[in-house]
Amino acid sequence: MPKKIAPSPAVLILAAGMGKRMRSPLPKVLHEIGGSPLLFHILRKVREVAPEALIAIVVGHGREQVEAAVRGAPEFASMKISFVFQEEQKGTGHAARCAIDSPWGKAVVEAKAPVLVLPGDLPLLTTELLSQMLAPLGRADTMRLLTCELADPTGYGRIVRRGNSGPVLRIVEQKDATEREKAIREVGASIYLFQAAFLRFALQRLNNKNAQGEYYLTDLVAAAAGSRKRIDVLRWRTAEDLRGVNDPWELAAAGRILNERCVRTLSLAGVKIIDPVTTWIDCSVRIEEGAVIYPGAILRGRTTIGKGVVIGPRVFLTDVLVGPGAQIKTGTVAEASEIGAQAQVGPYAHLRPESVVGERAKIGNFVELKKTRIGEQTSVAHLSYLGDAEVGKNVNIGCGFVTCNFDGRIIDGQRKHRTVIEDDVFMGSDCQTVAPIRIGRGAYVASGSTVTRDVEPDALAIARSRQENKPGLARRLRGR
Ligand code: UD1
Ligand code: CA
């Protein structure tokens, strides 16, 4: 006889609550840690353990925003996600009921798929935890319940057992608990695996007779305990994985744990992070071994750091590609830019979007680039602004150079003019070029010049008034 294949599990994520305690108009599950919304962290883990699962996300508060965020993220495009609308938030049990009554629920019940329920506000769930939850239920099991001992169980549903350590009888919410029950340290984390038929049956029979007048999903535990079948309990040892986010303080705490996880992984992979506590790195950031990261660095988004790069103190990079061996010095801020191998940037440089710094180029202190490409081995060492510019190789830009790229007018929406500085140009200190303009290959521009016309290759441009010295005049003026 062919072996019966167990139906693959379905996943139900509860994310309709408004998260009143966050005191923010943003739906709770869209608050970010490690550079992405809480909900995304959960979806990523689900994708790892159950890429094929039929997923329902219950949305209500800020529904359009939550849906748009998930639909707009290419990383989830391959997942089978449906959204279920819970119009009024009448509790976690009601949210699950909305889902089980939806077309998703009907498909799931029909397929006899076990249903993994997850709250949308536990961003630190691990794949290890999810795969243990997803192990097939035994024949006699109606559900699997995840519990955990907490030093401080305040706010969580307490697990009530027969005697003190007998079978689970029910879960009592903080607000409904007696003093004795409040002393119980074993809690439920809103993570369950249900047999689909039991889930539907029990949800249809829920009531809201409790302190909050809500339909509690937790009451399904008493329903299961009262049936002739078993509850399989998974006692989880790592309380950290179950840290929930209900208010901004818990958001920060979860963010710190996530950061520590990312930083630890990188550190064990050979990245030298001097101070894990003050270094903030999104999990999406890639860093090759041998890189050194100094305290206070913040590395975000799609940032990629090559081998042997040194990131100095308080450097802030968002979506920046840093080539091997580059040095990014103290206080540098860069966004959506590229820095070539062996280049040096900073201290205190500012790379605005679409800037490219070539290999072995040098961008020094108080230099701002915007939509500017700097060629190999070119040096812009001090106090300069280059916007909408193309600078060739081996160019030397002296101190205090400015590309005047904006003429104050708006013509056809094109407000900024381009500056081209070809290879081997020498730009003296304190010069400005008024765009649109081209400085030809190998040209020299004398210090203090304001250049308004193109300079042909190998020419010397000098655009400043001629010096006159008046002998003795200083002494005479002083005498007055
Ligand atoms: C819930 C549990 C509690 C558990 C805790 C663990 C219940 C009744 N309580 O409490 O036992 O210890 O989680 O984290 O289940 N939601 C909806 N629709 C609603 C209400 C809530 O979708 O009508 C969603 C929320 O968006 C949230 C999740 O369900 O993602 C949990 O809701 P929340 O209000 O945070 O429940 P807790 O008070 O934390
Ligand atoms: Ca919660």
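The values are calculated or read from the model by the stated rules, or taken from the named source; none is laboratory data. Just so we're clear, the structure is a prediction, and the values are computed from it rather than from any experiment. When we count neighbours, we look across all protein chains shown, and the Cβ atoms used for this are built from the backbone with ideal geometry, even at glycine. In case anyone asks, the SASA skips ligands and DNA or RNA and just uses the protein heavy atoms, side chains included. Shrake-Rupley method; radii C 1.70, N 1.55, O 1.52, S 1.80 Å.
Values as computed for the structure displayed
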quantity: Pair GLN65, GLU88: separation of 7 Å Cα→Cβ label points (nm); calculated: 2.3 nm
quantity: Spatially proximal aspartates and glutamates relative to LYS90 (Cα-Cα < 12 Å; intrachain offsets below 8 disregarded); calculated: GLU214
quantity: Prolate/oblate/rounded call for segment 132-238, Cα gyration tensor, a/c under 1.5 rounded; calculated: oblate
quantity: Percent carbon-and-sulfur accessible area, segment 10-242, ignoring ligands, DNA and RNA, probe 1.4 Å; calculated: 49 percent
quantity: Distance histogram for segment 345-426 (every C-alpha pair counted, 10 angstrom bins, percent rounded to whole numbers); calculated: 21, 55, 19, 5
quantity: Point-charge dipole on Cβ atoms (K/R +1, D/E -1) for segment 10-242, about Cα centre, debye to 20; calculated: 700 debye
quantity: Percent RCO, i.e. relative contact order, over the chain, from Cα pairs under 8 Å lying at least 6 residues apart; calculated: 8 percent
quantity: Kirkwood Rh in Å, taken over the chain so that all alpha-carbon pairs contribute; calculated: 26.5 Å
quantity: Range of Cα positions in segment 152-208 per principal axis (Å), largest first; calculated: 34, 25, 17
quantity: For ARG21, solvent-accessible area (1.4 Å; no DNA, RNA or ligand), Å²; calculated: 150 Å²
quantity: By accessible area with a 1.4 Å probe, ligands and nucleic acids excluded, highest first: order of CYS431, CYS283; calculated: CYS283, CYS431
quantity: Accessible area (Å², per residue) of segment 10-242, counting only protein heavy atoms and a probe of 1.4 Å; calculated: 46 Å²
quantity: Whole-number D in µm²/s for segment 10-242 (Stokes-Einstein; Kirkwood sum over Cα pairs; 20 °C, 1.002 mPa s); calculated: 120 µm²/s
quantity: Selection from GLY331, LEU203, VAL420, by position along the positive dipole direction of the chain (Cβ); calculated: LEU203
quantity: Alpha-carbon centroids, segment 8-83 and segment 115-180: separation in whole Å; calculated: 21 Å
quantity: Members of LYS28/LYS106; LYS329/LYS416; LYS272/LYS307; LYS175/LYS229; LYS370/LYS416; LYS28/LYS182 lying beyond 20 Å, as alpha-carbon distances in this model show; calculated: LYS28/LYS106; LYS329/LYS416; LYS175/LYS229; LYS28/LYS182
quantity: Within the accessible area of segment 261-461 (1.4 Å probe), percent carbon and sulfur; calculated: 51 percent
quantity: Two-site FRET efficiency, GLU260 against ARG409, from Cβ-Cβ distance with R₀ of 41 Å, rounded to 0.05; calculated: 0.20
quantity: Cα gyration tensor category, rounded, prolate or oblate, for segment 86-149 with a/c compared to 1.5; calculated: oblate
quantity: Where GluC sites (Glu not before Pro) in DSSP loops with at most 12 other Cβ within 10 Å are excluded, longest remaining stretch of the chain; calculated: 89-288
